[in-house]
1. Among the residues of the stretch 177-196, are any within 12 Å of ligand 1 (Cβ to nearest atom), touching a residue at least 40 places away in the same chain (Cβ under 8 Å) and among the charged types (D, E, K, R)?
2. Got a number for residues in the stretch 148-190 being among the aliphatic types (A, V, I, L, M), more than 20 Å from residue 213 (Cα to Cα) and part of a loop (DSSP other than H, G, I, E, B)?
3. Do the conditions hold for residue 247, that is, is it among the small types (Gly, Ala, Ser), closer than 18 Å to residue 98 by Cβ and more than 16 Å from ligand 2 (Cβ to nearest atom)?
4. Check 289, 194 and return the single one that is away from ligand 2 (no atom under 16 Å from the Cβ), buried (at least 22 other Cβ atoms within 10 Å of the Cβ) and basic (Lys, Arg).
5. Can you find even one residue in the stretch 170-185 that is more than 20 Å from residue 120 (Cβ to Cβ), within 16 Å of ligand 2 (Cβ to nearest atom), more than 24 Å from the chain's Cα centre (by Cα) and at pLDDT 95 or above?
6. Which of the strands (runs of 3 or more DSSP E) found entirely inside the stretch 224-317 contain at least 2 residues meeting this: within 30 Å of residue 179 (Cβ to Cβ)?
7. Please go through the stretch 227-256 and give me each residue that is within 16 Å of ligand 1 (Cβ to nearest atom) and of a type outside the set (S, T, N, Q), ordered by number.
8. Write out, first by first residue and then by second, each pair whose Cβ atoms fall under 7 Å of each other, whose residues are 6+ apart or on separate chains, and whose first residue, in the stretch 99-110, is assigned to a loop (DSSP other than H, G, I, E, B) while the second is of a type in the set (Phe, Trp, Tyr).
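The values are calculated or read from the model by the stated rules, or taken from the named source; none is laboratory data. Note that this is a predicted model, so its numbers are computed, not measured. Here the Cβ positions follow ideal geometry from the backbone for every residue, glycine too, while neighbour counts run over all protein chains shown.
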Amino acid sequence: MSLETPVGNRESSLVKSLRARLNKGDSWLTYDLGRLFSADKLREDAIDQLEERLLLADAGVDATNWLTERLGYDLRAGRIKTEVQLRAALRKALLDLLLPVAKPLDFPAYIKPYVMFVAGVNGVGKTTTIGKLATRLKRDGKTVMIAAGDTFRAAAVEQLETWATRAGVPLISQGAGADSASVIYDAVSAAKARGADVLIADTAGRLHTQIHLMDELRKIKRVVQKLDPFAPHEVMLVVDATTGQNALNQALQFHEAIGLTGVTLTKLDGSAKGGVLLAIARRLALPVRFIGLGEGIDDLAPFDAVNFVDALVGDDA
Ligand SMILES: Nc1nc2c(ncn2[C@@H]2O[C@H](COP(=O)(O)OP(=O)(O)OP(=O)(O)O)[C@@H](O)[C@H]2O)c(=O)[nH]1
Ligand SMILES: [Mg+2]
């Protein structure tokens, strides 16, 4: 018996579980599309109904308007006469929105160490995502180091230590109360000295209203740039899908404050509907890196637009 599931299988089972969850018989988007038809004709209010579903699923006004306008156009052009056609039109519109943002993290060999900051509000899953990601990268043969940049919350370092041990990667820390920029500066120096491929820096959870903490992020960036003017190579925001529209606001605020280069959406396994991904794609067009599908070490998958959309509209349509 093999001890470990091969990567391909693991990924496809994650996608299956995403699909099962988003489509738990009450998929927010495609649930009972048949109801939008009466006597085989699309009902007058079909677009209004879809609009309502999109808004309820946290897709936000921008993405919702964009999608319903697209579908309205197809409708008037006579391209949506059946449920199958409606499903196909939805699928195409969703892909047009999401394919451009499905950009996996790329670690070019000439950037060493590839410095990554992981930021976000409290409790969204930053530390957990770092643990999962470090594990994943190490399996891919990369040498990874982690910096305990969350010096703010009690027990944050211990939590990260547990993840670093699980992932089997070294952690650079100075303990609670230390200066976050100094920890991350040291970690980048150490990663350089040891020739590590990737350095992932955890940061304390913060609200965009906590000016001093937002300033701290900018400071970390400035300090690290003394070692590498092009660092950080990735500033990844982690957002919790169960917070709905709030996740979009967080993305807007953090982007304005430090300039994001990617987003990871966690807790898609929970009560989340995932619509906020559409909102973020429409408003910010930031690359979506990963989706979190649970608390376990393997519950992280690169964001794949086709899988995501198929989970929503059903690829067997
Ligand atoms: N169900 C589920 N839970 C998750 C996921 N990612 C993280 N969590 C849980 O969310 C909680 C918070 O995770 P952390 O990784 O500590 O979040 P954080 O952003 O580092 O939190 P702070 O450091 O306090 O700001 C933990 O209980 C995690 O197990 C996910 O994808 N799915
Ligand atoms: Mg944390």
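1. no
2. 1
3. Working: among the small types (Gly, Ala, Ser): yes; closer than 18 Å to residue 98 by Cβ: yes; more than 16 Å from ligand 2 (Cβ to nearest atom): yes.
Yes.
4. Numbers: 194 fails: buried (at least 22 other Cβ atoms within 10 Å of the Cβ).
Only one candidate qualifies: 289.
5. Scanning the stretch 170-185, I find at least one residue that is more than 20 Å from residue 120 (Cβ to Cβ), within 16 Å of ligand 2 (Cβ to nearest atom), more than 24 Å from the chain's Cα centre (by Cα) and at pLDDT 95 or above, so the answer is yes.
6. Numbers: elements: 234-240, 262-266, 288-292, 300-302.
Output list reads 234-240, 262-266, 288-292.
7. Quick first cut of the stretch 227-256, residues within 16 Å of ligand 1 (Cβ to nearest atom) only: 235-244, 246-247, 250-251, 253-254.
The answer is 235, 236, 237, 238, 239, 240, 241, 244, 247, 251, 254.
8. 107/114
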